[in-house]
Amino acid sequence: MKKIINPYEGMGREEGYHCFACAPRNEHGLHMEFYEDGDEVVCYWTPKEHFQGWTNTLHGGIQATLIDETAGWVIARKMQTSGMTTNLNIKYKRPIPTTEGTKVEIRAHIREMKRNFALMEASITCNGELCTTAELTFYCFSQEKAREEFHFLPYEVEE
């Protein structure tokens, strides 16, 4: 498993990079980091209590963000382009605690490609238990459009 290098990490808010999910300097953000594990992209993340919905329970919208961002990194790393989520179907199976010591693992992969659409699957496990599953559809921009219009930079892994 190799860490995926965030190509925008050195940029700040003034350059337009302030992603809630993956910007390391967004003081309100999730500070997600990603790894390549075969066909999957994985993120290990620790919930904080200020991301809770109900008492000591991770908010469902935060779970959706974790899944959506991980899927986006699959497109960026595996397809070397950007895209956008066109459909996200989530099943919440178990609550995820926000108490100290909780660790979550988010995984996503492409199940199938249909023209410019990536049909994807993702999951969140917490302390070894499956808590959330999702099916996503991502529209993938051409690499040229991603570079020219969305300032896409290549996503590489650490050696």
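No lab work stands behind these numbers, since they all come straight from the coordinates. From a predicted model like this one, the values you see are computed outputs, not experimental measurements. For neighbour counting, all protein chains shown are included, and Cβ atoms are generated from backbone atoms with ideal geometry for every residue, glycine included.
Considering only residues that are exposed (fewer than 14 other Cβ atoms within 10 Å of the Cβ) and within 19 Å of the chain's Cα centre (by Cα), which ones fall in region 138-150? Phe150 - this is the single residue of region 138-150 that is exposed (fewer than 14 other Cβ atoms within 10 Å of the Cβ) and within 19 Å of the chain's Cα centre (by Cα). None of Glu148, Glu156 is in contact (Cβ under 8 Å) with a residue 60 or more places away in the chain and among the charged types (D, E, K, R) except Glu156.
Of all residues in region 102-112, those being surrounded by fewer than 20 Cβ atoms within 10 Å (Cβ to Cβ) and over 23 Å from Gln52 (Cα atoms) number 3. Annotation note: Cβ proximity below 8 Å between a residue of region 35-52 that is within 21 Å of Thr98 (Cβ to Cβ) and a residue that is outside any loop (DSSP other than H, G, I, E, B) and of a type in the set (Ser, Thr, Tyr) (sequence gap 6+ or interchain) occurs for Val42/Tyr35; Val42/Thr70; Cys43/Tyr35; Cys43/Thr70; Tyr44/Tyr35. Checking Arg115 against (1) within 29 Å of His50 (Cα to Cα); (2) without any contact (Cβ under 8 Å) to a residue 24 or more places away in the chain, which test does it fail? Of everything listed in (1) within 29 Å of His50 (Cα to Cα); (2) without any contact (Cβ under 8 Å) to a residue 24 or more places away in the chain, Arg115 misses just condition (1).
Filtered by the rule that a residue be of a type in the set (A, V, I, L, M) and in a loop (DSSP other than H, G, I, E, B), region 1-29 gives Met1, Ile5, Met11, Ala21, Ala23. Within region 123-139, the presence of a residue that is more than 21 Å from Thr65 (Cα to Cα) and of a type outside the set (Val, Ile, Thr) is excluded. Among residues of region 1-23 being touching a strand residue (DSSP E or B) at 6+ places or on another chain (Cβ under 6 Å) and surrounded by fewer than 19 Cβ atoms within 10 Å (Cβ to Cβ), the one that is farthest from Pro154 (Cα to Cα) is Met1.
Is it true that Lys2 is free of Cβ contacts under 8 Å to residues at least 40 places away in the same chain and out of contact with any Leu (no Cβ under 9 Å at 6 or more places or on another chain)? No, not satisfied.
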